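What follows is a single structure, written as structure tokens, with notes after it.
The values are calculated or read from the model by the stated rules, or taken from the named source; none is laboratory data. Just so it is clear, the model here is predicted, and its values are computed rather than measured. All Cβ positions, even for glycine, are placed from backbone atoms using ideal geometry, and neighbour counts span all protein chains on display. Ligands, DNA and RNA are stripped out before the accessible areas are found, and what is left, the full protein with its side chains, is counted by its heavy atoms. Shrake-Rupley method; radii C 1.70, N 1.55, O 1.52, S 1.80 Å.
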Amino acid sequence: MEAGCCYVPLMRIVVTAGPTREAIDPVRFISNRSSGRMGYAVAEEAVARGHGVVLIAGPVALADPPGAQVIRVTTSEDMLAAVGNALESCDALVMAAAVADWRPVTVSAEKIKKSRIPPVIRLEPAPDILKTLRPRKGGRIFVGFAAETGNPLPEAVRKLRDKGLDMIVANDVSQADAGFDVETNRCTLVTGEDEAVALPLMSKMDVAGRILDWIEKRRAG
Ligand code: C5P
């Protein structure tokens, strides 16, 4: 390696991926369409670059990326605990998981009979992992994702501030070729009010590469 031209510090990176499931009863739950592909792509690309990777994944149908330490979780509460445990020894957190925003207030221990299913299920906010862990951020790099329908930018900037992130990856999930459950994504990397880099349609692996390029550059100072 040439001195001074391309030193990339190796990091310990925690990546989350996939949806969470919030139980209604032992057989029913609230979840979302996240396939986990974006988070898995970040984990795979980070391993390929030599970083140490802890991948915390909700229920997904993807094979574990070789070389990553994979921790499987189900609920937002489980994911919060797992990320909290892994945070201390990491340099960067990439929250690609589509964590549930809401969960049922009560979970029935037994399957609710069809005839007894209430017409309304009371919900409460699920724990916001990024906001909960914000006080422990220290010098770590935090990257979040904002999946929106319509122009995602205003919301992305709001979330960047609200969650105290270094970067947020915004994408409009209303398009068939980007967002949930497809191999490609059309993202904008947002690092501030007037700092947004719009990427063309590209594979999730390539998007992962761009995110990691930014993290590595930031880490190298
Ligand atoms: O608020 P919203 O769900 O759109 O924020 C998206 C970002 O926040 C993602 O990075 C997601 O992983 C994270 N998030 C979280 N805890 C939640 C919901 C989302 O950390 N309960």
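Worth a mention:
- Rg to Rh, two decimals, where the range 1-136 supplies the alpha carbon set and Rh follows Kirkwood: 1.09
- Annotation: amide H-H contacts under 5 Å for Leu123 (H modelled 1.01 Å from N, sequence separation of 5 or more, or interchain): Val105.
- Note that the range 119-127 has calculated 3J(HN,Hα) couplings of x, 10, 10, 6, 10, 9, x, 6, x Hz, one per residue in order, obtained from phi through the Karplus relation 6.51 cos²θ - 1.76 cosθ + 1.60 (θ = phi - 60°); glycine and proline are x.
- Spin-label model distance (nm) - Lys114 vs Arg210, 7 Å beyond Cα toward Cβ: 4.8 nm
- Note on Ala23 and Leu201: the extension gain reaches 60.6 nm, defined as 0.36 nm multiplied by sequence separation minus the Cα-Cα distance.
- Stokes-Einstein D (µm²/s) once Rh is taken as the Kirkwood radius of the range 11-53 over alpha-carbon pairs, at 37 °C in 0.692 mPa s: 276 µm²/s
- Sulfur and carbon atoms: percent of accessible area, the chain [1.4 Å]: 52 percent
- Accessible solvent surface per residue of the chain, calculated while the other protein chains remain in place, 1.4 angstrom probe, Å²: 51 Å²
- Taking label positions 7 Å along the Cα-Cβ direction at both Arg136 and Arg158, the computed distance is 2.8 nm, reported to one decimal.
- Across the range 12-220, the convex hull enclosing all Cα atoms gives 130 Å³ per residue.
- Label-point separation, Glu124 to Glu77 (7 Å along Cα→Cβ), nm: 0.9 nm
- Over the range 118-220: Kirkwood hydrodynamic radius from C-alpha pairwise inverse distances, Å: 14.8 Å
- Taken over the range 38-109, the percentage of Cα pairs per 5 Å bin, counting from 0 up to the bin with the maximum distance, is 3, 14, 27, 25, 16, 7, 5, 3, 1, 0.
- Counting only trypsin sites (Lys or Arg not before Pro) that DSSP places in a loop and that have at most 13 other Cβ atoms within 10 Å, the longest clean stretch of the chain runs over 123-221.
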